[in-house]
1. Could you list, ordered by first residue, the pairs with Cβ atoms under 6 Å in which the first is in the range 3-20 and under 13 Å from residue 36 (Cα atoms) and the second is surrounded by fewer than 23 Cβ atoms within 10 Å (Cβ to Cβ) and modelled with pLDDT of 95 or more, at least 6 apart or interchain?
2. May I ask you to list the residues in the range 198-242 that are over 15 Å from residue 183 (Cβ atoms), part of a loop (DSSP other than H, G, I, E, B) and out of contact with any helix residue (DSSP H, G or I) (no Cβ under 8 Å at 6 or more places or on another chain)?
3. Please work out if residue 217 is under 13 Å from the mean Cα position of the chain (by Cα) and closer than 19 Å to residue 16 by Cβ.
4. Give the residue, chosen from 183, 160, that is in contact (Cβ under 8 Å) with a residue 24 or more places away in the chain, within 26 Å of residue 233 (Cβ to Cβ) and outside any helix (DSSP H, G or I).
5. Just to be sure before I move on: is residue 49 touching a helix residue (DSSP H, G or I) at 6+ places or on another chain (Cβ under 8 Å), surrounded by fewer than 22 Cβ atoms within 10 Å (Cβ to Cβ) and without any contact (Cβ under 8 Å) to a residue 60 or more places away in the chain in the structure I sent?
6. Please find, within the range 124-153, the residue that is surrounded by the most Cβ atoms within 10 Å (Cβ to Cβ) out of those that are more than 15 Å from the chain's Cα centre (by Cα) and free of Cβ contacts under 8 Å to residues at least 40 places away in the same chain.
């Protein structure tokens, strides 16, 4: 990179967030790692090629999210990229047995957390000089085709699609682009059980292939590296032979 850029990654303590944070650091970005657990964030920081900032914050906690971004701007001067990775799958129960607490937890983390981080990034990108930046949402192919017993997760990812479009529209005046990566079966702790079997629409349980999580990180780097006058609004990144096309 000709000049250092600043990236904030939520959910940076594990899975997709960790892989993306490490990939950005390897490219010379100054990265702020956001997550709930200091120990896992520090493990990610230790794997980064350049020093990374650790910001312990629950993405559902508005003041904590605002502090993480304010501290980043104070230290680095700006925010160029946000990658929203913090997320959970949820209870995996049939819709009629979905507990309200499970619903609220998934929506709070996946949707409200993405909103809070995106709003903080948007404000920083709007107010900095020069203006602009890129917000990348961690979506899912469940935004288009749900798995059985996934009402809360699926609803949250459908909502992320609306959030992505709204940010992309409202960000035009300030040079802020927004992208959604719809991810299918990246090999992370969240998908670790898929190799043994995942519930299908016909009630069967079938082992599903996964892809290297680095593929998602590479896609995020590609989007982040686009010139300011270009954007990938939606990109699907998935294991080639997973049961998505034709699911159900």
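The values are calculated or read from the model by the stated rules, or taken from the named source; none is laboratory data. Computed from a predicted structure; not experimentally measured. Ideal geometry is used to build each Cβ from the backbone, glycine not excepted, and the neighbour counts take in all protein chains shown.
1. Correct list of pairs: 13/37; 13/40; 14/40.
2. Answer for the range 198-242, where residues must be over 15 Å from residue 183 (Cβ atoms), part of a loop (DSSP other than H, G, I, E, B) and out of contact with any helix residue (DSSP H, G or I) (no Cβ under 8 Å at 6 or more places or on another chain): 200, 201, 202, 203, 204, 225, 226, 227, 228, 229, 230, 241.
3. Criteria met by residue 217.
4. Being in contact (Cβ under 8 Å) with a residue 24 or more places away in the chain, within 26 Å of residue 233 (Cβ to Cβ) and outside any helix (DSSP H, G or I) holds for just one of 183, 160, which is 183.
5. Criteria met by residue 49.
6. 146
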